[in-house]
Amino acid sequence: MLRFASTRILAAIPTLLIVAVAVFTLVRLIPGDPVSLMLGDLADDATRAQLRERLGLDQPIYLQFVIWLSNLFRGDLGQSITTGQPVLPLVLSRFFTSAQMVLPAIVIAIIVAVPLGMIAAWRQNSKIDLFVVGLSTLLLSIPTFWLGLMLLLLFGMTLGWLPVLGYVSIANQVVDGVIYLIMPVATLVLHEVGSLVRMARASTLDVLRLDYITHARAKGLSEGEILVHHAARNAFGPTWTLVGLILGNLLGGVAVVETVFTIPGLGRLIVESIYGRDYAVVQGCLLFVALTYVLVNLLVDLLYPIFDPRVTAE
């Protein structure tokens with residue numbers, strides 16, 4: 001297991017280097033000048049040149065990349081152009097905010113979707129199956145921003161049960177933090193349940209057609225015992241892979257939900273930094289998202305043998 005993990009970590013290093021080059025290049029292709037945005041149109045050329053020199057933007061592109069990469073290896077992602085804050089603490093604080101919303105949503109979605117998908121596969125072509133498939137397709141088709149707005153309209157403005165604006169961190173106030181996260185988490189759960197249900201159903205159907213399931217039925221086991229004790233673990237493997245992809249995507253890509261519910265998370269920080277031409281923050285956020293993807297998929301691979309007995313770390 002240790003050798004397998006070490007091999008995967010070493011294989012991820014070239015990927016991260018390629019991502020670093022791509023991120024640095026793409027950010028520099030964004031139209032606009034951060035110096036002009038910071039100083040405005042009334043600043044003179046001398047002031048602009050002085051600020052550009054202080055930010056290192058007067059250096060050649062290749063030299064800017066070398067300086068940024070050398071600082072990166074020391075754990076220094078630079079400072080925000082607009083606020084002057086160090087990028088790494090800023091990214092980590094916003095990531096923690098996004099994680100408060102994403103991790104509970106993933107756990108709840110798994111608890112809801114996997115049993116529904118397995119039941120739908122067990123009752124294939126029945127009314128239950130048609131209902132579950134139809135509901136999952138509907139949830140998967142609804143945009144998250146529209147779903148979030150409908151929840152705000154119903155539970156926030158019409159019923160008045162939940163707050164419409166603002167955010168309270170769980171680290172500061174647990175009860176209020178949970179209340180403010182109910183609707184964002186519900187939005188993510190409803191959307192991700194659709195894809196997880198479809199994957200759980202498809203993988204369960206494949207497992208139920210295998211010979212060892214037929215042998216279990218021939219032994220006189222009930223359908224419930226077969227589903228729980230024989231099919232569940234083997235069917236959960238492909239779904240676990242999808243969970244890893246969804247988790248990595250949500251941790252860096254929930255800007256729409258964070259904007260709808262005014263949550264200062266990582267996705268919203270990326271969007272705001274792109275609009276502000278804040279090169280250092282955009283680069284730090286995108287690189288951190290790529291690192292998150294690599295670590296999440298590594299964790300998925302390491303835990304895969306636990307959920308699928310047919311797979312071993314060797």
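Is it the case that region 257-266 has a residue that's at pLDDT below 80 and crowded, with 22+ Cβ neighbours inside 10 Å?
Restricting attention to region 257-266, the residues satisfying the condition of being at pLDDT below 80 are none.
Checked against the condition, which is being at pLDDT below 80 and crowded, with 22+ Cβ neighbours inside 10 Å, region 257-266 yields no hits at all.
How about region 104-132: which of its residues are in contact (Cβ under 8 Å) with a residue 40 or more places away in the chain and either among the hydroxyl-bearing types (Ser, Thr, Tyr) or over 17 Å from residue 200 (Cβ atoms) (or both)?
Matches in region 104-132: 104 only.
Which residue is farthest from residue 204 (Cα to Cα), if the candidates are limited to region 133-151 and must be polar (S, T, N, Q) and surrounded by 12 or more Cβ atoms within 10 Å (Cβ to Cβ)?
Of all residues in region 133-151, those polar (S, T, N, Q) come to 136-137, 141, 144.
With surrounded by 12 or more Cβ atoms within 10 Å (Cβ to Cβ) added as a condition, the list becomes 136-137, 144.
Values: 136: 16, 137: 18, 144: 27 Å.
Taking the candidates together, the pick is 144.
Of the residues that make up region 81-91, is at least one polar (S, T, N, Q) and modelled with pLDDT under 80?
Filtering region 81-91 down to residues polar (S, T, N, Q) leaves 82-83, 85.
With the extra rule that they be modelled with pLDDT under 80, the set shrinks to 82-83.
Yes, region 81-91 contains a residue that is polar (S, T, N, Q) and modelled with pLDDT under 80.
Looking only at residues that are more than 18 Å from residue 101 (Cβ to Cβ) and of a type in the set (A, V, I, L, M) in region 176-209, which one is modelled with the lowest pLDDT?
208
Name the residues in region 153-170 that are in a loop (DSSP other than H, G, I, E, B), surrounded by 11 or more Cβ atoms within 10 Å (Cβ to Cβ) and free of Cβ contacts under 8 Å to residues at least 24 places away in the same chain, would you? Can you show your working first?
In the first step, residues of region 153-170 are kept if they are in a loop (DSSP other than H, G, I, E, B); the result is 159-170.
Then drop every residue that is not surrounded by 11 or more Cβ atoms within 10 Å (Cβ to Cβ), which leaves 161-164, 167-170.
Of everything in region 153-170, those that are in a loop (DSSP other than H, G, I, E, B), surrounded by 11 or more Cβ atoms within 10 Å (Cβ to Cβ) and free of Cβ contacts under 8 Å to residues at least 24 places away in the same chain turn out to be 161, 162, 163, 164, 168.
Within region 254-275, does at least one residue satisfy the condition of being closer than 30 Å to residue 203 by Cβ and outside any helix (DSSP H, G or I)? Explain how you work it out, then say what you get.
First pass over region 254-275, keeping only residues closer than 30 Å to residue 203 by Cβ: 254, 256-257, 267.
Adding the requirement that they be outside any helix (DSSP H, G or I) leaves 254.
Within region 254-275 (the criterion being closer than 30 Å to residue 203 by Cβ and outside any helix (DSSP H, G or I)), the answer is yes, since at least one residue qualifies.
The values are calculated or read from the model by the stated rules, or taken from the named source; none is laboratory data. Because the structure is predicted, anything quoted here is derived from the model rather than measured. Don't worry about glycine lacking a Cβ; one is built from the backbone with ideal geometry, like all the others, and counts go over all protein chains shown.
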